[in-house]
Amino acid sequence: MLDTDFFRRWMTVAARSVDREADRLTDLDSPIGDADHGSNLQRGFNAVVATLEKEAPESPGAVLTLAGRQLISTVGGASGPLYGTLLRRTGKALGDAAEVGEQQFADALRAGVDAVRQLGGAAPGDKTMIDALVPAVDTLGESFAAAAAAAEEGAIATTPLRARKGRASYLGERSVGHQDPGATSAALLVAALVEAADE
Ligand code: ADP
Ligand code: MG
């Protein structure tokens, strides 16, 4: 079972990982974006950790709902509302249970990913965070490690794609040959589950 502390750790580990990889995320966002993805997420996840400490939500669902709300209000770029929606919708699907099972979490995260698809209109293959998130929810029922590997593979597989959504899509053919920053950060978020479970 996954308790409130697990979800709190997930967000803390994600924030740490975004801090560590911020320069790389921003570098990936330079050739096909506006070089702010790392700093956007750094600002957002640091605010998430601060608000979780201050408000101390008491259920898995409440942790993710609060985190999502905070991302939406602190991240200016496209990724803020998208990641915010992911966490908020996942949190809502978890309801107010004190602990949730792995399968229940996998189902909730799928609902979250579906909400991101609806909000951003991106499908798999459009060279966005969806290309890491969909393979992750498809394998989350197996294990966190399997989901992390699938997300990482999905992120790497965005390189030869032509972007059809977001800022990178303005570049058309010129977006080919670059790994998508949002798919890369989505893989970090999924990898943080493994570390949160180990801690
Ligand atoms: P911005 O593009 O506003 O500068 P960021 O740089 O923070 O925002 O985030 C860019 C990332 O957001 C992209 O790499 C992509 O993965 C993701 N993204 C952009 N638009 C969409 C969309 N419509 N659906 C899903 N993901 C998207
Ligand atoms: Mg950007």
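Looking across segment 127-151 at every residue that is more than 25 Å from GLY101 (Cβ to Cβ) and under 14 Å from the mean Cα position of the chain (by Cα), the one that is farthest from ligand 1 (Cβ to nearest atom) is identified as ASP131.
The single condition among (1) free of Cβ contacts under 8 Å to residues at least 40 places away in the same chain; (2) open to solvent by 10 Å² or more (accessible area, probe 1.4 Å) that GLY77 does not meet is (1). Against the condition surrounded by fewer than 19 Cβ atoms within 10 Å (Cβ to Cβ) and closer than 18 Å to GLY84 by Cα, how does ALA35 come out, does it pass? No: the conditions fail for ALA35.
Here THR26 fits the description: surrounded by fewer than 21 Cβ atoms within 10 Å (Cβ to Cβ), within 9 Å of ligand 1 (Cβ to nearest atom) and within 25 Å of ALA122 (Cα to Cα). Taking residues in segment 109-131 that are part of a helix (DSSP H, G or I), and partners anywhere that are surrounded by fewer than 16 Cβ atoms within 10 Å (Cβ to Cβ) and of a type in the set (A, V, I, L, M), the pairs with Cβ atoms closer than 9 Å and at least 6 places apart or on different chains are ARG117/ALA123; ILE130/ALA123.
Residues checked against (1) under 27 Å from GLY172 (Cβ atoms); (2) within 16 Å of ligand 2 (Cβ to nearest atom):
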site	(1), (2)
GLY77	yes, yes
TYR83	yes, yes
THR90	no, no
GLY95	no, no
ALA115	no, no
MET129	yes, yes
LEU133	yes, no
ALA149	no, no
ILE156	yes, no
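For segment 30-67, filtered to residues that are closer than 17 Å to LEU2 by Cβ and among the hydroxyl-bearing types (Ser, Thr, Tyr), the residue that is nearest to ligand 1 (Cβ to nearest atom) is THR65. Within segment 68-102, the residues that satisfy the criterion of being under 17 Å from LEU2 (Cα atoms), part of a helix (DSSP H, G or I) and of a type in the set (Gly, Ala, Ser) are GLY91, ALA93.
Taking each residue of segment 144-155 that is over 19 Å from GLN104 (Cβ atoms) and looking for partners that are open to solvent by 50 Å² or more (accessible area, probe 1.4 Å) with beta-carbon atoms closer than 7 Å, six or more apart or interchain, yields ALA150/ASP138.
Just one of (1) closer than 22 Å to ILE130 by Cα; (2) assigned to a helix (DSSP H, G or I) fails for GLY33. It is (2). Residues in segment 178-193 include at least one that is aliphatic (A, V, I, L, M), open to solvent by 30 Å² or more (accessible area, probe 1.4 Å), in contact with a Phe, Trp or Tyr (Cβ under 9 Å, 6 or more places away or on another chain) and in a helix (DSSP H, G or I).
Residue pairs whose Cβ atoms lie under 9 Å apart, sitting 6 or more positions apart in sequence or on different chains, and linking a residue in segment 13-24 that is within 13 Å of VAL48 (Cα to Cα) to a partner that is at pLDDT below 95 and not in a helix (DSSP H, G or I), are VAL13/GLU199.
Take ARG110 and decide whether it is more than 8 Å from ligand 1 (Cβ to nearest atom), farther than 20 Å from PRO57 by Cβ and out of contact with any Phe, Trp or Tyr (no Cβ under 9 Å at 6 or more places or on another chain).
Considered against the rule, which asks whether it is more than 8 Å from ligand 1 (Cβ to nearest atom), farther than 20 Å from PRO57 by Cβ and out of contact with any Phe, Trp or Tyr (no Cβ under 9 Å at 6 or more places or on another chain), ARG110 comes out as yes.
Candidates in segment 153-177 are the residues that are in contact with a Gly (Cβ under 7 Å, 6 or more places away or on another chain) and hydrophobic (A, V, I, L, M, F, W, C); of these, the one that is most open to solvent (accessible area, probe 1.4 Å) is LEU161. Of all the residues in segment 113-126, those that are more than 8 Å from ligand 1 (Cβ to nearest atom) and either at pLDDT below 95 or not polar (S, T, N, Q) (or both) number 6.
The values are calculated or read from the model by the stated rules, or taken from the named source; none is laboratory data. Note that this is a predicted model, so its numbers are computed, not measured. Note: ideal-geometry Cβ built from the backbone for every residue, glycine included; neighbour counts use all protein chains shown. For accessibility, only protein heavy atoms count, side chains too; no ligands or nucleic acids. Shrake-Rupley method; radii C 1.70, N 1.55, O 1.52, S 1.80 Å.
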